[in-house]
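One structure coming up, written as structure tokens, with questions to follow.
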Amino acid sequence: MTDHAELARFYEDAYSQDPAQAAVYARWRALGAIGKADHVIALCARAGVRPASTLEVGCGDGALLCELQRRGFGGRLSGVEITEAAVAIARERPQIDAVALYDGLHLRDADDAHELGILSHVLEHVPDPSALLAEVARACRAVLVEVPLEANLSARRSGKREHAAEVGHLQRLDRAATRGIVERAGLQIACELEDPLPLSVQRFFAATRAARMAGTAKWALRAGLHRLAPSLARRLFTVHYACLCRPAA
């Protein structure tokens, strides 16, 4: 996938599943939104950002915006998305004030139209992440970025590489690469955090008792290692990295 029209077609298919499968992945996105909202709120608190207006670029079905609204955070909540199917779903959610289709490159908003922009698990999906981040920073006074750090031993396995391609990952990032994207966009990082993923995520697709036990063991091992030796953990398996960015001085 090399252009935004092709990306749009790819994700249109992802939101046009049979009803049973769509319901499972809607629950998966809602679960993921809990952790993402934790990260947004924690980083904004550290940086002293109290947004009266928030724009999520690549909002998908609106799960994260709904979770932020449930917690009373973000002020006026808006989203843009490149797929018509996702926009249609998000527009049905009364928790979101406005949802619009966009071309994946340019926002219609004026400069500094929003106090907070969110790019949560978006930059790894686009061919030029710095250009998109710079465009969001034009329209938003601060930008929250979250990506999976997939430059690790576990993610190099053929099955993991195939899955990353299936879900549209074009970038395989580590912290240095992500920080480089931020710098090339003309921004600086105000604060950052990492998350090795909660137990509920590790066990979501576990259909049997044995699978649930394996998910619990995986979570305990990864969470413990990340707590004790985060740099080693990043080299071994995928963690999620989030940072709050502002214009460079």
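The values are calculated or read from the model by the stated rules, or taken from the named source; none is laboratory data. Note that this is a predicted model, so its numbers are computed, not measured. Every residue, glycine among them, receives a Cβ derived from its backbone with ideal geometry; neighbour counts consider all protein chains shown.
Scan the range 155-202 residue by residue and report those that are hydroxyl-bearing (S, T, Y) and either free of Cβ contacts under 8 Å to residues at least 40 places away in the same chain or within 22 Å of L232 (Cβ to Cβ) (or both).
Within the range 155-202, S158, T178 meet the criteria.
Looking for something at pLDDT below 95, more than 21 Å from G74 (Cα to Cα), surrounded by fewer than 16 Cβ atoms within 10 Å (Cβ to Cβ) and of a type outside the set (D, E, K, R) - is there at least one such residue anywhere in the range 107-125?
no
Any residue at all in the range 177-185 that's over 20 Å from the mean Cα position of the chain (by Cα), charged (D, E, K, R), assigned to a helix (DSSP H, G or I) and surrounded by fewer than 19 Cβ atoms within 10 Å (Cβ to Cβ)?
Within the range 177-185 (the criterion being over 20 Å from the mean Cα position of the chain (by Cα), charged (D, E, K, R), assigned to a helix (DSSP H, G or I) and surrounded by fewer than 19 Cβ atoms within 10 Å (Cβ to Cβ)), the answer is no, since none of the residues qualifies.
Cβ contacts < 7 Å: first residue at pLDDT 95 or above, restricted to the range 206-222; second residue exposed (fewer than 12 other Cβ atoms within 10 Å of the Cβ) and hydrophobic (A, V, I, L, M, F, W, C), any location; separation 6+ or different chain. Result?
Once the first residue is at pLDDT 95 or above and sits in the range 206-222, no partner that is exposed (fewer than 12 other Cβ atoms within 10 Å of the Cβ) and hydrophobic (A, V, I, L, M, F, W, C) comes close enough.
For H114, work out the one condition from (1) farther than 12 Å from C243 by Cα; (2) touching a Cys at 6+ places or on another chain (Cβ under 6 Å); (3) free of Cβ contacts under 8 Å to residues at least 60 places away in the same chain it doesn't fulfil.
(3)
Evaluate the following for A20: is it more than 15 Å from the chain's Cα centre (by Cα) and modelled with pLDDT of 95 or more?
no
Hey, can you tell me all the residues within the range 48-106 that are under 20 Å from V145 (Cα atoms) and of a type in the set (K, R)?
R50, R71, R76
When the residues of the range 99-137 are filtered to those that are closer than 20 Å to K36 by Cβ and in a strand (DSSP E or B), which remaining residue is nearest to the chain's Cα centre (by Cα)?
My answer is S120.
With the condition kept exactly as written, say whether any residue in the range 158-176 is part of a helix (DSSP H, G or I), closer than 30 Å to R141 by Cα, of a type outside the set (A, V, I, L, M) and under 22 Å from the mean Cα position of the chain (by Cα).
Scanning the range 158-176 turns up at least one residue that is part of a helix (DSSP H, G or I), closer than 30 Å to R141 by Cα, of a type outside the set (A, V, I, L, M) and under 22 Å from the mean Cα position of the chain (by Cα).
Something else now. Out of the residues in the range 63-98 that are assigned to a helix (DSSP H, G or I) and in contact (Cβ under 8 Å) with a residue 60 or more places away in the chain, state the one that is surrounded by the most Cβ atoms within 10 Å (Cβ to Cβ).
Step by step, filter the range 63-98, then rank; the result is A86.
I'd like the residue in the range 199-239 that is farther than 19 Å from Y25 by Cα and β-branched (V, I, T) and, out of all such residues, is surrounded by the fewest Cβ atoms within 10 Å (Cβ to Cβ).
T216
Which one of S154, S130 is of a type in the set (S, T, Y) and under 22 Å from R222 (Cβ atoms)?
Criteria check complete, one pass: S154.
Is it true that G104 is under 18 Å from R246 (Cα atoms), modelled with pLDDT of 90 or more and either touching a helix residue (DSSP H, G or I) at 6+ places or on another chain (Cβ under 8 Å) or of a type in the set (D, E, K, R) (or both)?
no
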